[in-house]
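Okay, so here's the structure we're looking at.
Readers should treat all values here as calculations from the given coordinates under stated rules, not as data from a laboratory. Just so it is clear, the model here is predicted, and its values are computed rather than measured. Cβ coordinates were reconstructed from backbone atoms using ideal geometry, including for glycine residues, and neighbour counts include every protein chain displayed.
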Amino acid sequence: MTESLDVSGYWETTGAAKAFTHPLDRDLLAAHVPRGARVLDFGCGYGRLTAELAALGYPDAHGVDTSAALVRRGRAEHPGLSLEHRQALPLPHPDGAFGAALLFAVLTCVPDDVAQRAIVAELARLVHRGGVLYLSDVPLQNDLRNLERYREQAERHGAWGVFEIPDGGVFRHHDPDHLRSLVTDHGFAIEAERQDTVATLDAHTVERLQIVARRVG
């Protein structure tokens, strides 16, 4: 059975030209993922973090994204980098093929609970026992700008924290416990969390939550 990952045409058009800003915490990565580990950058976009991984001592880093436009851009900007375009699960890799997986600002682009669970379940299949899932995403915000759009768009999208931006992208901010449950419900044990502030695609500032979890189940 396949699970479609064709989330939004936005990422083939307007979104494909965006400059991604969600940063990698290099210290957190180094503390939990040994150099040389085979790493999957799921939702890699144009390979920004995949290229950074390779430069940091993870030469066997592989990126995958649902957007053909973003993957084309990545191959042009980073020749020789391993970037795949895939629109459905499962991915064409055997169980336990990776020592770690990155899921960076991906779930915020996937508003649907079922699709989110499918993604994390696939990463649980691909990361071997003892390997790491490093998730970084956007929790629910408390500032007036975000609270107003949550309130205004909750009925339209059927969930609190889901909203559409003026250029057409639909995003989701999460209850932190939802993110934790996604991880622990799929055989990972949380080892570390960090919170900080980061820039968004549209130059706003948001709080983010980083979760590092070990594959135990």
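3J(HN,Hα) couplings calculated from phi for segment 131-138 with the Karplus curve 6.51 cos²θ - 1.76 cosθ + 1.60 (θ = phi - 60°) are, in sequence order, x, 10, 10, 10, 9, 9, 8, 9 Hz; Gly and Pro show x.
Relative protection proxy for 154-167, 48-61, from highest mean packing down: 48-61, 154-167 (other beta-carbon atoms within 10 angstrom). Relative to the longest principal axis of the Cα atoms of the chain, helix 144-157 runs at roughly 90 degrees.
The three principal axes of the Cα atoms in the chain give end-to-end lengths of 46, 37, 37 Å, sorted in falling order. Given R0 = 45 Å, the distance between the Cβ atoms of E84 and N142 translates into a calculated FRET efficiency of 0.75.
Please report the antiparallel percentage of the DSSP beta bridges confined to the chain, to the nearest 5. About 55 percent, rounded to the nearest 5. Less than 5 angstrom separates the built amide H of S82 from those of G63, all sequence-distant by 5 or more or on a different chain. Placing R0 at 25 angstrom, the Cβ-Cβ distance between Q195 and R151 gives a FRET efficiency of 0.60 after rounding to 0.05. Relative to the longest principal axis of the Cα atoms of the chain, the long axis of helix 113-126 lies at roughly 10 degrees. Compute the helix-to-body angle for 68-77: its Cα long axis versus the longest principal axis of the chain, expressed 0 to 90° and rounded to tens. Between helix and principal axis, roughly 60 degrees. If the chain linking T205 and A31 were pulled fully straight, counting 0.36 nm for each residue of separation and taking away their Cα-Cα distance, it would gain 60.0 nm.
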